[in-house]
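To start, the structure itself, in structure tokens.
The values are calculated or read from the model by the stated rules, or taken from the named source; none is laboratory data. All of these numbers come straight from a predicted model, not from anything done at the bench. Please note: Cβ atoms are built from the backbone with ideal geometry, for glycine as well, and neighbour counts cover all protein chains shown. These area figures cover heavy atoms from the full protein model, side chains too; ligands, DNA and RNA do not enter into them. Shrake-Rupley method; radii C 1.70, N 1.55, O 1.52, S 1.80 Å.
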Amino acid sequence: MRRTVPRQLSFAFADSPRGGEEASPSDASGGRAFLLHTAKPKATQRPVAGAPALCGLLEAAASCANLARALLNVVRNKGAPGVDGQTVEAAERNAPALVASLREALLRGSYRPGAVRRVFIPKPGGGLRGLGIPNVVDRVAQQAVLQVLEPIFEPTFHPSSHGFRRGRGAPTAIAEVKAHLESGRQTVVDIDLSQFFDRVDHQRLMDRLAQKVVDARVLALVRRMLKAGVVTPDGETIAVHEGTPQGGPLSPLLSNIVLDELDRELAWRGHRFVRYADDCNIFVGSERAGQRVMASIRDFLERRMRLAVNAQKSDVRRPWAVHFLGFRFSSRRTREGRKTIVLPSAKADKRLKATIRAMTPPNWGKSLTACMKDLSRYLSGWMAHFRLCTAEAAKGFGTIDAHIRRRLRAIIIHQKKRRRFLLRHLRAKGVSPKAAAGAAYNSKGRWFRSNHAGMTQAYPPAWFTARMTSLKTRWDELNQAKASEQLAFAF
């Protein structure tokens, strides 16, 4: 690492200030203008089929336009600095120098990735997840390679793979799950791989890459990226012999290249399945078939692909016991056939309620407006994912909204300090003397009084709806917009 980092700093940021320094807006805007101009396809250049094969895949990856697009994507994704401390803002300011230096290093073969900074973040279900943060210049190099490899491999991936792919994601995955359940396959073989990103076998990955990539220089470049050392939080540098650490732009594509072998095996055996990254659900018709498939696929993963199955998270389950992308499923018969209900999983529901409790403590000391603003930001992000729930979940969203309102009313009671202050406040809000006195002077605690008629009259649901995000209202808005789009498409 001592030899790698200074070299990277010298060729990539020779004229740049240190990452923590401020830059003038003109510098930043100038760098962005350069990237937008360079990344834009020239009118005189026509796309030629097989162009990367004619000029060499490395030349395509190291072209100025491709590197400019890569840097632009890295800047837009933001992200923390790597081991060298350089920021994406510094990279944007020095875009012309970075693109020119990186292009020369890639073509000459002198580019060497720097060490990856390892950080650990808490998992939603407990434990820690390790992430690797490459230096900014290394993220640009990975993104540039991704942009030439993705068009080669993307068309070959199985349709039931939905993670880290253009035009696919949680909506397409959940739609396919619903289709399999409605076809009558009501038993789910739920497979979760243990520390998949840290256990990818490099040689098997390189063999699969070599099946479609003929440019040996690109293969050597990817191998160097895989072998980049890792710097732990305590400063120790560890050599890498396996894995594709999460955090780099190239890692998702490499993971799909590895797991495409699993997809092809499942398809060859005739299974119906949905895979999102290292989370795979196989749909079968009975418990007995599920146990047989689980044993067979576990053996294939461990013996053939050298991957470990997480025994605690993997099992043969009924749809309502599945936790797939934060959702659980239920199926019922109707006149038109089976209908699948999509609800937040028990884990997702538990995490949501725990987060709401943490964000609305009874002794909240800031303004109520600040509390509602933070809650609105979180609830909007939560609903952006769980908008995929069906209408049966809307009643539960309304219950959670009511619970949030009650917690906020309890905060109001706490902030009024004295009972007489609360009485005056409620009277000023137009509450009747009897109801205001009942809420203010009731002998029970704040939680009971927060649902008293005096508090609900002063702070009805409409008062909160006008000031913060409501899960039920937001779900209605998102699904009405989706229905409108589908109706417009149909005609």
(message) So for region 155-293, considering every pair of alpha-carbon atoms, how many percent are separated by more than 23 Å?
(response) 42 percent
(request) Could you give the spread of the C-alpha atoms of region 235-341 along their three principal axes, from largest to smallest, in whole angstroms? (result) 62, 27, 25
(request) Please report the orientation-averaged projected area of region 63-172, defined via the convex hull of its C-alpha atoms, in nm². (result) 8.8 nm²
(message) What does the net charge come to around Gly247 if you take all other residues with beta carbon closer than 11 Å to its beta carbon, with K and R at +1 and D and E at -1?
(response) +3
(request) Pop a pseudo-label 7 angstrom from the Cα along the beta-carbon direction at both Ala321 and Arg406 and give the gap in nm to one decimal. (result) 3.1 nm
(message) Taking just the alpha-carbon atoms of the chain, what radius of gyration and Dmax come out, in angstrom?
(response) 27.3, 85
(request) Mind giving me the nanometre distance, one decimal, between the label points for Phe300 and Trp268, set 7 Å out from Cα along Cα→Cβ? (result) 0.8 nm
(request) List the residues of region 146-180 whose backbone N lies under 15 Å from a point placed 7 Å from the Cα of Ala384 along the Cα-to-Cβ direction. (result) 170-171
(message) If you build the convex hull over the alpha carbons only and average its shadow over all orientations, what do you get for region 314-467? Give it in nm² to one decimal.
(response) 12.1 nm²
(message) Run the numbers for Lys366 and Glu104: contour at 0.36 nm per residue of separation, minus the present Cα-Cα distance, in nm.
(response) 88.9 nm
(request) Within the set of other residues whose C-beta is less than 9 Å from the C-beta of Gly130, count the net charge using Lys and Arg as +1 and Asp and Glu as -1. (result) +1
(request) Can you work out the accessible area per residue across region 290-443, with the rest of the protein chains kept in place, probe 1.4 Å, in square angstrom? (result) 54 Å²
(request) Quantify, in whole percent, the carbon and sulfur part of the accessible surface of region 209-279 (1.4 Å probe; protein heavy atoms only). (result) 54 percent
(request) State the extension gain, in nm to one decimal, for the chain segment bounded by Arg419 and Arg129, taking 0.36 nm per residue of separation less the distance between their alpha-carbons. (result) 99.7 nm
(request) Report, to the nearest whole %, how much of the accessible area of region 280-434 belongs to carbon and sulfur atoms, 1.4 Å probe, protein only. (result) 50 percent
(message) Just to confirm, what accessible area per residue do you get for region 158-202 at 1.4 Å probe, in whole Å²?
(response) 36 Å²
(message) Give me the mean projected area, in nm² to one decimal, of the convex hull enclosing the Cα positions of region 96-159.
(response) 7.0 nm²
(request) May I ask you to derive the FRET efficiency for Thr172 and Lys350 from their Cβ-Cβ distance with R0 = 41 Å, giving the value to the nearest 0.05? (result) 0.95
(request) Loop only per DSSP, at most 11 neighbouring Cβ atoms within 10 Å: give me the trypsin sites (Lys or Arg not before Pro) in region 63-125, ordered by residue number. (result) Lys78
(message) Let's test this: bin the Cα-Cα distances of region 384-424 at 5 Å from zero up to the farthest pair and state each bin's percent.
(response) 5, 20, 16, 14, 13, 10, 8, 6, 7, 0
(request) Counting other Cβ atoms within 10 Å, keep those with at most 14, restrict to DSSP loop, and tell me which trypsin sites (Lys or Arg not before Pro) in region 315-361 are left. (result) Arg335
